[in-house]
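Trainee: Before I ask anything, here is the structure I am working with.
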Amino acid sequence: MSSVIIEEMQAAVTAFFSGMFITLVYDGLRIFRRGIYHGNFWIGAEDFLFWLWAAFWIFSVLYRENDGELRFYTILFMGLGMILYHQTISEPFVRIAGK
């Protein structure tokens, strides 16, 4: 296989696992909220900070993997990683760890 195709496949795999990681971090926030009561203000502030961090994380992945180029397949694979994690691992993980 061409080295370019291998690099593109590695970028897709990295994006996929980055999407899973972002969702895992949000699950950590959900678990934290189950343990300690939060008012609406703090939930909003935590969500804002999470999404700010997620934006920087996504940018850093795109910068490292594609030299900052926004490519459809990296966003697609990141989204697929988020969806797969959420549909399989997320709910049981939050339920068990939140106890």
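Trainee: Run the helix sum for the chain: -39,500 (n - 2.57) per DSSP H stretch of 4+ residues, divided by residue count, reported at 222 nm to the nearest 500 deg cm²/dmol.
Mentor: Numbers: 4 runs with 81 residues, N = 99.
Roughly -28000 deg cm²/dmol at 222 nm, from the helical runs in the chain.
Trainee: As I understand it, the value is the acute angle between the Cα axis of helix 72-85 and the longest principal axis of the Cα atoms of the chain; what does it come to in degrees, rounded to 10?
Mentor: Value to nearest ten degrees: 40.
Trainee: While we're on this one: Given Cβ point charges of +1 (Lys, Arg) and -1 (Asp, Glu) and nothing else, what value in debye, to the nearest 20, does the dipole of segment 8-99 about its Cα centre take?
Mentor: That gives a dipole near 440 debye.
Trainee: What whole-number distance in Å separates the alpha-carbon centres of segment 70-99 and segment 1-37?
Mentor: 7 Å
Trainee: Another question, then. If you fit an axis through the alpha-carbon atoms of helix 3-35 and take the longest principal axis of the Cα set of the chain, what angle between them do you get, 0 to 90°, nearest 10?
Mentor: Between helix and principal axis, roughly 0 degrees.
Trainee: Separate question: Working from the alpha-carbon coordinates of segment 1-86, get Rg over Rh, Rh being the Kirkwood radius.
Mentor: Numbers: Rg = 15.3 Å, Rh = 14.0 Å.
Dividing the radius of gyration by the Kirkwood radius yields 1.10.
Trainee: For the chain, set up a GNM with springs between Cα atoms under 10 Å and report which of ALA54, ALA11, ALA45 has the largest fluctuation.
Mentor: ALA45
Trainee: Tilt of helix 40-66 relative to the longest C-alpha principal axis of the chain, in degrees (0 to 90, nearest 10)?
Mentor: So the helix axis and the longest Cα principal axis differ by about 10 degrees.
Trainee: Still on this structure, I have one more. With an 8 Å cut-off on Cα pairs and a minimum separation of 6 or more residues, tell me the relative contact order of segment 1-77 in percent. It would help to have the intermediate numbers written out before the result.
Mentor: Working: 25 pairs, mean separation 42.5, N = 77.
So the answer I get is 55 percent.
Trainee: Measure off, as a whole percent, the carbon and sulfur share of the 1.4 Å-probe accessible area of segment 58-99, all protein chains present.
Mentor: 68 percent
Trainee: Just to make sure I understand: if all protein chains stay in place, what is the order of MET78, MET20, MET1, MET9 by accessible area at 1.4 Å, largest first? Working shown, then result.
Mentor: Values: MET78 5, MET20 35, MET1 170, MET9 100 Å².
Listed by decreasing accessible area, they come as MET1, MET9, MET20, MET78.
The values are calculated or read from the model by the stated rules, or taken from the named source; none is laboratory data. Bear in mind the structure is a predicted one, so any value in this text is a computation, not a measurement. When we count neighbours, we look across all protein chains shown, and the Cβ atoms used for this are built from the backbone with ideal geometry, even at glycine. Side chains included, ligands, DNA and RNA excluded: accessible areas come from the protein's heavy atoms. Shrake-Rupley method; radii C 1.70, N 1.55, O 1.52, S 1.80 Å.
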